[in-house]
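The values are calculated or read from the model by the stated rules, or taken from the named source; none is laboratory data. Being a predicted model, the structure only gives us computed values, none of them experimental. For neighbour counting, all protein chains shown are included, and Cβ atoms are generated from backbone atoms with ideal geometry for every residue, glycine included. What goes into the accessible areas is simple: the full protein's heavy atoms, side chains included, and nothing from ligands, DNA or RNA. Shrake-Rupley method; radii C 1.70, N 1.55, O 1.52, S 1.80 Å.
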Amino acid sequence: MAKYKVVITDREYENIDNELRILAELKDVEVLDYQYRDEEEVIKVAKDCDALIIQYAKATKKVIDALDHCKVIAKYATGIDGIDIAEATKKGICVTNVNDYCADEVSTHAAALLLDVVRRTQEFNSRVKAGQWYRMGIKIPSLRESVVGVVSFGRIARAYIDKIKPFCSQIWVYDKFVSEEDMVKYGAVPKSFDEILAGADYISVHAPLTEETHHMFHREVFKRMKPSAALINVARGALVKEEDLIWALANGEIAFAALDVLENEPPQEDCPLLHMDNVIVTPHTAWYSTESQKKLQSTVAEDVVRVLQGKIPVNLVNKELTSLFEVEK
């Protein structure tokens, strides 16, 4: 029986070569690779693990309570929604994520969606291929003269702003946790959430998912947006109440949506968003490049190794557990 047992509950990657190479540093380790997201299945395979690596599976209170001697729960993501942090902390289980691995990719994807929403390249491509070369019929506003609203002012949002600055004269930002002075220094215009809703032509969402931000875009919010406005979301699906977004798009409360994340992934075939002409959907790939995927998989494994070797993980989420480790010189 191996000294260490590492369980991967689920993943969407072709292989775990990076993880296996890095986890081999533990010398005597067994790595079990599954595709389980169901709570009971996760408990069954992870009960006696030393480390749990998850992607879409949830580390609920029930799952965490069932872990006999797990030292670390590592997530293939930046966001840690789906993990009961308080319960993990109570049991002395480190929670780790992956920071600073895809800011360039996500911000580039958001910029690409913005440009597609403005210039309607996909729609023109479809028309040309259908033999409609001379048919215009699409009103395209000037992006230079439009207002782009940005919700949140973190690392990815700032990278996004850097990318769209050459195209936009007016970039408004809302983030109650950042000083207006910092926004102004960055070349953005500080605004309240209400001001962005009322005045922005395009609203790009980059907020984390918390209890406060869950469904921050709902029916009443959509009513306060311009009928010509577009919503771009590359952050978290549950920031937007999906049924209300569908209602808003169908009833002309807003004009367009470009989404890389959905509240329910993958969507059902009958999901209205997949059948609306004023919606672009990409399959939660904003984070992806070959380089970012390699860094994601490697970072998770590196922090597992650190914890099991008694060292503080680089991406420790529940900082309260720092005291469990000796401070490295």
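Just a few scattered comments:
- Within the option set ALA258, ALA286, being outside any loop (DSSP other than H, G, I, E, B) and of a type in the set (Gly, Ala, Ser) holds for one residue only, ALA258.
- Residue-level analysis places ALA111 among those that are aliphatic (A, V, I, L, M) and closer than 20 Å to LEU239 by Cα.
- Residue within the range 241-249 that is farther than 25 Å from ILE140 by Cα and out of contact with any His (no Cβ under 7 Å at 6 or more places or on another chain) present: yes
- All positions within the range 175-189 that are modelled with pLDDT of 95 or more, open to solvent by less than 60 Å² (accessible area, probe 1.4 Å) and either under 11 Å from ARG158 (Cβ atoms) or aromatic (Phe, Trp, Tyr) (or both): ASP175, VAL178, MET183, ALA188
- Taking the range 1-38 as the range and being open to solvent by less than 60 Å² (accessible area, probe 1.4 Å) and part of a helix (DSSP H, G or I) as the test, the residues that pass are ASN18, GLU19, ILE22, LEU23, ALA24, LEU26.
- Of everything in the range 100-112 that is open to solvent by 20 Å² or more (accessible area, probe 1.4 Å) and not in a helix (DSSP H, G or I), the residue that is modelled with the highest pLDDT is TYR101.
- Complete set of residues in the range 88-99 that are surrounded by fewer than 21 Cβ atoms within 10 Å (Cβ to Cβ), in contact with a helix residue (DSSP H, G or I) (Cβ under 7 Å, 6 or more places away or on another chain) and part of a loop (DSSP other than H, G, I, E, B): LYS91, GLY92
- Residues that are open to solvent by 20 Å² or more (accessible area, probe 1.4 Å), within 15 Å of PHE193 (Cβ to Cβ) and in contact with a helix residue (DSSP H, G or I) (Cβ under 6 Å, 6 or more places away or on another chain), drawn from the range 215-228: MET216, HIS218, ARG224
- Qualifying positions in the range 115-127 - out of contact with any Phe, Trp or Tyr (no Cβ under 6 Å at 6 or more places or on another chain) and under 27 Å from PRO166 (Cβ atoms): LEU115, ASP116, VAL118, ARG119, ARG120, THR121, GLN122, GLU123, PHE124, ASN125
- Number of residues in the range 198-209 that are within 16 Å of the chain's Cα centre (by Cα), in contact (Cβ under 8 Å) with a residue 60 or more places away in the chain and either open to solvent by less than 20 Å² (accessible area, probe 1.4 Å) or more than 13 Å from TYR174 (Cα to Cα) (or both): the value is 3.
- ASP277 vs. criteria among the acidic types (Asp, Glu), assigned to a helix (DSSP H, G or I), under 29 Å from PHE217 (Cα atoms) and out of contact with any Ser or Thr (no Cβ under 6 Å at 6 or more places or on another chain): no
- Condition check for SER152: under 21 Å from CYS102 (Cβ atoms) and among the hydroxyl-bearing types (Ser, Thr, Tyr): yes
- Residue in the range 52-59 that is under 26 Å from the mean Cα position of the chain (by Cα), open to solvent by 40 Å² or more (accessible area, probe 1.4 Å) and closer than 30 Å to ILE156 by Cβ present: yes
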